[in-house]
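**Q** Before I ask anything, here is the structure I am working with.
The values are calculated or read from the model by the stated rules, or taken from the named source; none is laboratory data. On a predicted model such as this, the values are computed, not experimentally measured, just so you know. Here the Cβ is made from the backbone with ideal geometry for all residues, glycine too, and neighbour counts use every protein chain on show. Only protein heavy atoms, including side chains, enter the accessible area calculation; ligands, DNA and RNA are left aside. Shrake-Rupley method; radii C 1.70, N 1.55, O 1.52, S 1.80 Å.
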Amino acid sequence: MKIAIDGPAGAGKSTLAKALAQKLGFIYIDTGAMYRAVTWKVVKENIDIDLESAVCELAKKTEIHFQINSQTQKIFCDNQDITSEIRSPQIGTLVSKIAAYPSVREIMVKQQQAMAEASNVVMDGRDIGEIVLPDADFKFFLTASEEERIRRRTEEYKQAGYAVTAESIRDDLNRRDRSDSQRPVGALKILRDSIIIDTTNLTTDEALAKMLTVIQGE
Ligand code: CDP
């Protein structure tokens, strides 16, 4: 079984995808982490982010894999654990630019499809229902109000020890959502078969229960 979860930043995708995968005994694949990993390497190797061909060459040479245990999930780039580094505000600011390059998306999508072939998966991102898993059994589109999404992201950054203001987060999320929704390839959109869940006023457990009700047909 394949479950696709798409939606804007801070809508609750990764928390819910993780919880859903655990509940169902499926593998969780965080595709955003893969775009973040390429971004992390672009920064590390000092590649010109404006040059699609250079970024694409780098993405081709980059090995990304997940290490999944029952409780934790780590992401490795060329065998280096970069799980926390990719969550920095700097990577968050740059990632959408790299994710807009069609040549980079092509490489990522192929890898994601190969990962999904081997097992039952819950996969989250922006283009999962449309491009990566068009035949997914369920396609969720998670959303939440802008205020709530900003509140959640500010909280996450604070917990991770970053000094951020709600204003800087607002700018960053809005700019990223605009770029993610307007790019020509792999744009975030609501599909004909999307199941829309607004998580603004829902706890994780409540949102999870809604998703399970849809999946289990109760
Ligand atoms: O957690 P958050 O929603 O902030 O972002 P993420 O899922 O880690 O994704 C980071 C960025 O990667 C997004 O803003 C997109 O630009 C890009 N992305 C994408 O283009 N396609 C995907 N399938 C997943 C992420």
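**Q** Any idea which residue in segment 185-205 is nearest to A19 (Cα to Cα), counting only those that are open to solvent by 90 Å² or more (accessible area, probe 1.4 Å) and more than 18 Å from the chain's Cα centre (by Cα)?
**A** Result: D205.
**Q** Condition first: more than 19 Å from the chain's Cα centre (by Cα) and either within 25 Å of D198 (Cα to Cα) or of a type in the set (G, A, S) (or both). Now tell me which residues in segment 1-55 satisfy that.
**A** Listed by number, the residues that qualify are M1, K23, L24, G25, S53, A54.
**Q** Can you tell me which residue among A17, A21, A54 is closer than 27 Å to R170 by Cα and either out of contact with any Leu (no Cβ under 7 Å at 6 or more places or on another chain) or surrounded by fewer than 22 Cβ atoms within 10 Å (Cβ to Cβ) (or both)?
**A** A17
**Q** When you go through A99, A114 one by one, which is the residue that is small (G, A, S) and without any contact (Cβ under 8 Å) to a residue 40 or more places away in the chain?
**A** When all the criteria are applied, what remains is A114.
**Q** List pairs: first residue in segment 28-41 and within 21 Å of N69 (Cα to Cα) and within 8 Å of the ligand (Cβ to nearest atom), second residue outside any helix (DSSP H, G or I) and open to solvent by 10 Å² or more (accessible area, probe 1.4 Å) anywhere in the structure, Cβ distance under 6 angstrom, at least six positions apart or on different chains.
**A** M34/I64
**Q** Is at least one residue of segment 9-19 part of a helix (DSSP H, G or I), farther than 18 Å from D78 by Cα and away from the ligand (no atom under 13 Å from the Cβ)?
**A** There is at least one residue in segment 9-19 that is part of a helix (DSSP H, G or I), farther than 18 Å from D78 by Cα and away from the ligand (no atom under 13 Å from the Cβ).
**Q** Whether any residue in segment 149-165 is among the hydroxyl-bearing types (S, T, Y), modelled with pLDDT of 95 or more and loosely packed, with under 15 Cβ neighbours inside 10 Å is what I want to check.
**A** So far as segment 149-165 goes, no, none of its residues is among the hydroxyl-bearing types (S, T, Y), modelled with pLDDT of 95 or more and loosely packed, with under 15 Cβ neighbours inside 10 Å.
**Q** Follow-up. Answer yes or no as to whether T83 is open to solvent by 60 Å² or more (accessible area, probe 1.4 Å) and either outside any strand (DSSP E or B) or away from the ligand (no atom under 15 Å from the Cβ) (or both).
**A** No: the conditions fail for T83.
**Q** Within segment 108-117, does at least one residue satisfy the condition of being more than 27 Å from F26 (Cα to Cα), open to solvent by less than 70 Å² (accessible area, probe 1.4 Å), under 17 Å from the mean Cα position of the chain (by Cα) and not hydrophobic (A, V, I, L, M, F, W, C)?
**A** Within segment 108-117 (the criterion being more than 27 Å from F26 (Cα to Cα), open to solvent by less than 70 Å² (accessible area, probe 1.4 Å), under 17 Å from the mean Cα position of the chain (by Cα) and not hydrophobic (A, V, I, L, M, F, W, C)), the answer is no, since none of the residues qualifies.
**Q** Moving to a separate point now. Of all the helices (runs of 4 or more DSSP H) wholly in segment 86-161, which have at least 1 residues that are more than 23 Å from C56 (Cα to Cα)?
**A** 102-117, 146-159
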